[in-house]
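Below is one structure, written out as structure tokens, with a few remarks after it.
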Amino acid sequence: MALLEIKNLHASVAGKEILKGVTLALEPGEVHAIMGPNGTGKSTLSNVIAGREGYEVTKGQVLLDGEDVLAMAADERARAGIFLAFQYPVEIPGVTTSAFLKTALNAKRRAAGEKEIDAMEFMKLVKKKTEALGMPYDMIKRALNVGFSGGEKKRAEVLQMTMLEPRVAILDETDSGLDIDALRVVSDGVNSLRAPDRAFLVITHYQRLLDYIVPDHVHVLANGRIAASGGKELALELEAEGYAKYLNAAA
Amino acid sequence: MAANQETAAAVKNVEQYKYGFVTDIESDMAPKGLSEDIVRFISAKKGEPEWMLEWRLKAYRYWLTLADEEPTWAKLIYPKIDYQASYYYAAPKQKLASMDEVDPKLLETYKKLGIPLAEQAILAGVAVDAVFDSVSVATTYKKKLEEMGVIFKPISEAVHSHPELVKKYLGSVVPYTDNFYATLNCAVFTDGSFVYIPKGLRCPMELSTYFRINEKNTGQFERTLIVADEGSYVSYLEGCTAPQRDENQLHAAVVELIALDDAEIKYSTVQNWYPGDADGRGGIYNFVTKRGACRGKNSKIMWTQVETGSAITWKYPSCILQGDNSVGEFYSVAITNNRQQADTGTKMIHLGANTRSKIISKGISAGHADNTYRGLVRIGAKADKSRNYTQCDSLLIGDKCGAHTVPYIESRNPSAVTEHEATTSKISDDQLFYCLQRGMTQEEAVSLIVNGFCKEVLQTLPMEFAVEAQKLVSISLEGSVG
Ligand SMILES: Nc1ncnc2c1ncn2[C@@H]1O[C@H](COP(=O)(O)OP(=O)(O)OP(=O)(O)O)[C@@H](O)[C@H]1O
Ligand SMILES: [Mg+2]
């Protein structure tokens, strides 16, 4: 059984249909990349999977381990193991990154029937994870995302991912805004999480990311559908030729 | 037996009074309404000396002249209070026989707050026979305090044991003519705490942490007087995070603080009186006058308040900065949910030279609630080089609530500097979704964001209180989203 299965998914925003029958299956251990023109619905797809309000699913299914994801509330989906690294992470004034991480981690642990993490253990864990991502430890004392640079925000997203160890991670343009060194570090972070029981959906505009995070499958999302799928070579082809072919074909 | 003696003593006192007395002293409850007789009844019940009674009567007679001066300037809406429809003296309530009789919802809240079982029983009004650890701890500490020369006792006892101190300081910061509610309090106050810290002593423990569960039920017209003599320090905690119910809707407390040369008083409050139901029925009207005088040079008074309860909160803990170099600080979190209304803030009155004040106010409104910060910073002509810094932040949850900031700044000294900053923000859907996406529930998310918003204030609370206050913040906002 696929870990995450998206079947003929239709969704609209503000009365406008954006997803027009997306079908995709992520097997355990796989990394899938999604590419596609601006405004084509990549973030919409991630938001619908994560359960953000304001999106109307008119048809189709999303299943996690065969369980109906669309029937769950957003927080339940997260606790079931769906993680979304946001394209535009929001600022949460007053809430330190550390307090945020701890609350999130404990929410997950409680759901798993584990007890809350103690302060020492938490500090050790954060230290390890921030070091791996080349983040200064003091960063976690700052309010989450407040005043973070673009790249710092993306790193903070990946930090959360490595702390929460989700089953399915969706990375929505996590590479945009990262400098070359950061791109490598962040990719290492993702790669370190690659595991036989985990899957990734990586949304990107740049094939360069896929040199670091090597995908098993690459898909083109155009006009609300998966217009083409292939291996890593598809990304290279897109880089060379653009999306014109798929847009015309789908129109 | 003790009760009989008390009554006998009270009756004996009554006989000394010049004026007639008609209310039956044996009764545990004075009849409804307010009159000179009622004032005398209360005083007699406490076996007060004549000077105390005279003071009460002076206040009562003055209060009668204020009939048309009930404050109306606050941004609060409530039906006119009929002062003749209230009871002004009632003996403590009948205890419940066991925990089984306690409202399960109340117990649920205690549990969430992490209040130990022993304390839960006392808070819920269950009769307790066993001597709990906390009670014996209290007794031990009381003895230690006495040895150090600290006076810490009900004001009704201090009137007898230390009349010279009470006479000297009572009404010296909040005179009986101060305002409608304070005047009423002077006439009918039931009890409260009296604290005196001797010269040079740094009181080594927070007053009232260990004692709060032993306090008598004095909620309605509480009167507190704290005097910190030269070079002393004290931290005083009032209130309780546990929700408190009271049959009496009208509350009008008065707190007076006096800090002499080089003395410091830190006064922390957590107020969680019954706020009424979701539609605004019931709930306490809390009209409080709190004021501290930094009477000596280099003295300091610091107010911290966490206001989550009551249907109506009318409260402006203030500092009169008389002594040169004295410091006043006010840290406030006021949370209003459902139909609650709060009009709260502070007054910083700079009289001495080089006086400094700081105001940090965090107002949170949810539901249909209204929350107003009202503050006055007044710099007198002699307050050379004085400084004030004010920061007022409002946080809105939902779109049916209101937040208002009403700062008054009056400066009569050109060398003084005042700074005022204000912000209003909202918990956005994006922020909530972000938190949910990380596995938090709506309530955890709101609690996290709100606690972050008021962190600066909560940090000023004594450690163990701070933890409870954080939980309280979450609990008071339950059901505010979703
Ligand atoms: N709340 C909204 N109201 C109206 N239109 C919306 C809303 N949210 C998204 N859309 C529209 O839906 C379409 C898909 O947006 P989406 O953010 O999913 O694109 P994307 O593929 O992620 O683009 P990009 O590569 O630029 O990130 C866009 O045309 C966008 O304007
Ligand atoms: Mg996008």
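The values are calculated or read from the model by the stated rules, or taken from the named source; none is laboratory data. This one's a predicted model, so the numbers in the text were calculated from it and none came from an experiment. Neighbour counts are summed over all protein chains in view; Cβ atoms, including those assigned to glycine, are modelled from backbone coordinates with ideal geometry. SASA here: full protein model, heavy atoms, side chains in, ligands and nucleic acids out. Shrake-Rupley method; radii C 1.70, N 1.55, O 1.52, S 1.80 Å.
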For this session: Check off (1) modelled with pLDDT under 95; (2) assigned to a strand (DSSP E or B) for B:SER310 and give me the number that stays unchecked.
Result: (2)
Exercise. Taking the stretch B:62-92, which residues are closer than 17 Å to B:TYR176 by Cβ and touching a residue at least 24 places away in the same chain (Cβ under 8 Å)?
Worked result: B:TYR62, B:TRP63, B:LEU66, B:GLU69, B:GLU70, B:PRO71, B:TYR83, B:TYR88
Exercise. Taking the condition open to solvent by 50 Å² or more (accessible area, probe 1.4 Å) and either more than 18 Å from A:PHE83 (Cβ to Cβ) or touching a helix residue (DSSP H, G or I) at 6+ places or on another chain (Cβ under 6 Å) (or both), does A:HIS217 pass?
Worked result: yes
Exercise. B:LYS358 versus (1) at pLDDT below 95; (2) over 17 Å from B:HIS404 (Cβ atoms); (3) in contact with a strand residue (DSSP E or B) (Cβ under 6 Å, 6 or more places away or on another chain): which is the lone unmet condition?
Worked result: (1)
For this session: Could you tell me whether the stretch A:11-33 includes any residue that is within 14 Å of another protein chain (Cβ to nearest Cβ), within 11 Å of ligand 1 (Cβ to nearest atom), free of Cβ contacts under 8 Å to residues at least 24 places away in the same chain and open to solvent by 50 Å² or more (accessible area, probe 1.4 Å)?
Result: no
Exercise. Taking the stated definitions as given, is A:VAL95 away from ligand 2 (no atom under 16 Å from the Cβ) and without any contact (Cβ under 8 Å) to a residue 60 or more places away in the chain?
Worked result: yes
Exercise. Quick check: is even one residue across the stretch B:425-434 assigned to a helix (DSSP H, G or I), open to solvent by 60 Å² or more (accessible area, probe 1.4 Å) and either within 14 Å of another protein chain (Cβ to nearest Cβ) or within 30 Å of A:ALA78 (Cα to Cα) (or both)?
Worked result: yes
Exercise. When you look at A:LYS59, is it open to solvent by 20 Å² or more (accessible area, probe 1.4 Å) and either touching a Leu at 6+ places or on another chain (Cβ under 7 Å) or more than 16 Å from ligand 2 (Cβ to nearest atom) (or both), yes or no?
Worked result: yes
For this session: Could you run through the stretch B:81-135 and say how many residues are modelled with pLDDT of 70 or more and either within 30 Å of B:ALA67 (Cβ to Cβ) or touching a Pro at 6+ places or on another chain (Cβ under 6 Å) (or both)?
Result: 10
Exercise. Where in the stretch A:6-100 are the strands (runs of 3 or more DSSP E), entirely inside, with at least 1 residues that are over 23 Å from B:GLU443 (Cβ atoms)?
Worked result: A:16-26, A:31-35, A:55-64, A:82-85
Problem set entry | Test for B:PRO414: is it open to solvent by 10 Å² or more (accessible area, probe 1.4 Å) and free of Cβ contacts under 8 Å to residues at least 12 places away in the same chain | yes
For this session: Spot the failing condition for B:ARG438; the list is (1) away from every other protein chain (no Cβ under 14 Å); (2) of a type outside the set (S, T, N, Q); (3) open to solvent by less than 60 Å² (accessible area, probe 1.4 Å); (4) under 30 Å from B:LYS471 (Cα atoms), and only one is missed.
Result: (1)
Exercise. Across the stretch B:410-440, what is the number of residues that are within 30 Å of the chain's Cα centre (by Cα) and either within 30 Å of A:THR103 (Cα to Cα) or not assigned by TED's automatic domain parsing to the domain that holds B:THR355 (or both)?
Worked result: 6
For this session: Could you tell me whether the stretch B:442-452 includes any residue that is open to solvent by less than 50 Å² (accessible area, probe 1.4 Å), closer than 18 Å to A:ALA104 by Cα and of a type in the set (Ser, Thr, Tyr)?
Result: yes
For this session: Look at A:GLY54 and say whether it is under 25 Å from A:GLU5 (Cα atoms), open to solvent by 50 Å² or more (accessible area, probe 1.4 Å), within 16 Å of ligand 1 (Cβ to nearest atom) and of a type in the set (Gly, Ala, Ser).
Result: yes
For this session: Kindly indicate whether A:ASP197 is in contact (Cβ under 8 Å) with a residue 12 or more places away in the chain, out of contact with any helix residue (DSSP H, G or I) (no Cβ under 7 Å at 6 or more places or on another chain), more than 15 Å from ligand 2 (Cβ to nearest atom) and among the acidic types (Asp, Glu).
Result: yes
Problem set entry | Test: residue in the stretch B:370-380 that is among the polar types (S, T, N, Q) and within 25 Å of B:VAL255 (Cα to Cα) | yes
For this session: Return only the number of the condition from (1) touching a Lys or Arg at 6+ places or on another chain (Cβ under 7 Å); (2) surrounded by fewer than 18 Cβ atoms within 10 Å (Cβ to Cβ); (3) on the phi < 0 side of the Ramachandran plot that A:THR162 does not satisfy.
Result: (2)
Exercise. Residues in the stretch B:385-401: is at least one acidic (Asp, Glu), within 14 Å of chain A (Cβ to nearest Cβ) and open to solvent by 70 Å² or more (accessible area, probe 1.4 Å)?
Worked result: no
Problem set entry | Top-ranked residue in the stretch A:175-227 [being among the charged types (D, E, K, R) and within 15 Å of the chain's Cα centre (by Cα); ranked as nearest to A:PHE148 (Cα to Cα)] | A:ASP175
Exercise. Which ones in the stretch A:42-56 are over 14 Å from A:ALA71 (Cα atoms) and away from ligand 2 (no atom under 13 Å from the Cβ)?
Worked result: A:GLY54
For this session: Look through the stretch B:460-480, keep the residues that are open to solvent by 40 Å² or more (accessible area, probe 1.4 Å) and either among the hydrophobic types (A, V, I, L, M, F, W, C) or within 19 Å of the chain's Cα centre (by Cα) (or both), and return whichever of them is farthest from the other protein chains (Cβ to nearest Cβ).
Result: B:GLU464
Exercise. Considering A:VAL95, A:VAL48, which residue is open to solvent by less than 30 Å² (accessible area, probe 1.4 Å), more than 9 Å from chain B (Cβ to nearest Cβ) and farther than 22 Å from A:VAL186 by Cα?
Worked result: A:VAL48
